[in-house]
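Read the figures in this text as sums done on the coordinates, not as results from a lab. In this text, all values refer to a predicted model and were calculated from it rather than measured experimentally. Please note: Cβ atoms are built from the backbone with ideal geometry, for glycine as well, and neighbour counts cover all protein chains shown.
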Amino acid sequence: MKQLISFLFLTLLLIMGCNNESELTSPIENNTIQEPNWIALPQAEGLQVNTEYTQTASINGTQGGRLECSFSYSGGNYGQVTGFAQLVISSCSYPGRKNIS
């Protein structure tokens, strides 16, 4: 009798677990991907075509170093827009000297 009840229980468990409508196996319906909210800079005033700002430095990877880039232009409601970026390279990052842009 115990074997019959065990067999029926395992069969019922197998049937319930293989159901296509199971919450465990079905995909989530409302899976929305949130896009990052980037900071929007104001447009430059006048006839300015600079949209990319670059800086290059020769950095020794065994000693480390930093690469800094800054820019500014007039535009928007605030008059002057200024940007600054800094990349810090740790010592022993790579062997030798390389140009980093």
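Annotations
- Loop-located chymotrypsin sites (Phe, Trp or Tyr not before Pro) in the stretch 64-101, at most 13 other Cβ atoms within 10 Å (DSSP): Tyr78
- Net charge over other residues, Cβ less than 15 angstrom from the Cβ of Gln86 (K, R count +1; D, E count -1): 0
- For the stretch 49-101: relative contact order, % (alpha-carbon pairs under 8 angstrom, 6 or more apart): 47 percent
- Computed from label points 7 Å out along Cα-Cβ, the spacing between Asn60 and Ser90 is 2.0 nm.
- Equivalent ellipsoid of the stretch 49-101: semi-axes from √(5λ) of the C-alpha gyration tensor, largest first, are 31, 11, 5 Å.
- Sorted fewest first by neighbouring Cβ atoms within 10 angstrom, Leu87, Leu12 come out as Leu12, Leu87.
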